[in-house]
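Structure record follows, encoded as structure tokens.
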Amino acid sequence: QVPLVESGGGLVQAGGSLRLSCAASGRTFSGFARGWFRRAPGKEREFVAAISWTGDVTYYADSVKGRFTISRDNAKNTMYLQMDSLKPEDTAVYYCAARNRGDPTATMTGYGYWGQGTQVTVSS
């Protein structure tokens, strides 16, 4: 059973917006920080954003800072990524991840639980 399930991906024109969701499946991930990563065609998976368990600490990649907003609703066991002013270079498969510590990290190896990803395509 996949522990995290992403949704909300799709096709959007440049300048548009999408909101991704990451729901926990089968467990609560209480106390876990979470993050978003993405893999563009022909590239390695890269960090996008991360959020602490309490939601008061957030990190962003420079490439998305000011355009993307990460948030979470612990009562719903769900994390979100609001993506505005989308660019064609944001096209990628987006993955959510959970880390068994409350503090977030931009390092991929710091996360032990992953979803299967959701495709985001931004047309020019």
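The values are calculated or read from the model by the stated rules, or taken from the named source; none is laboratory data. None of these values were measured; they are calculated from a predicted model. Cβ atoms come from the backbone with ideal geometry, glycine included; neighbour counts cover every protein chain shown. Heads up: the accessible areas ignore ligands, DNA and RNA and are worked out on the full protein's heavy atoms, side chains in. Shrake-Rupley method; radii C 1.70, N 1.55, O 1.52, S 1.80 Å.
Looking at region 36-54 only, could you name the residues that are without any contact (Cβ under 8 Å) to a residue 40 or more places away in the chain and buried (at least 16 other Cβ atoms within 10 Å of the Cβ)?
Matches in region 36-54: A49 only.
Could you tell me which of the residues S17, S25, S7, S63 is hydroxyl-bearing (S, T, Y) and open to solvent by less than 40 Å² (accessible area, probe 1.4 Å)? Reasoning before the result, please.
Values: S17 fails: open to solvent by less than 40 Å² (accessible area, probe 1.4 Å); S7 fails: open to solvent by less than 40 Å² (accessible area, probe 1.4 Å); S63 fails: open to solvent by less than 40 Å² (accessible area, probe 1.4 Å).
One residue alone meets the criteria, S25.
Looking only at region 2-15, how many residues end up being more than 15 Å from Q119 (Cβ to Cβ) and more than 17 Å from the chain's Cα centre (by Cα)?
3
Name every residue in region 102-120 that is loosely packed, with under 15 Cβ neighbours inside 10 Å and within 20 Å of Y60 (Cα to Cα), in order of residue number. Steps first, please.
Filtering region 102-120 down to residues loosely packed, with under 15 Cβ neighbours inside 10 Å leaves 102-103, 107, 109, 112, 116, 119.
Matches in region 102-120: G102, D103, T107, T109, G112, Q119.
Quick one: is K87 open to solvent by 50 Å² or more (accessible area, probe 1.4 Å) and within 14 Å of G31 (Cα to Cα)?
Taking the combined requirement at face value, the residue does not satisfy it.
Quick one: in region 69-78, which of the residues that are within 10 Å of the chain's Cα centre (by Cα) and of a type outside the set (G, A, S) is least open to solvent (accessible area, probe 1.4 Å)? Spell out the reasoning first.
Residues of region 69-78 within 10 Å of the chain's Cα centre (by Cα): 69-71.
In the following step, the residues that additionally are of a type outside the set (G, A, S) were identified as 69-70.
Values: T69: 71, I70: 10 Å².
Residue satisfying both the conditions and the ranking: I70.
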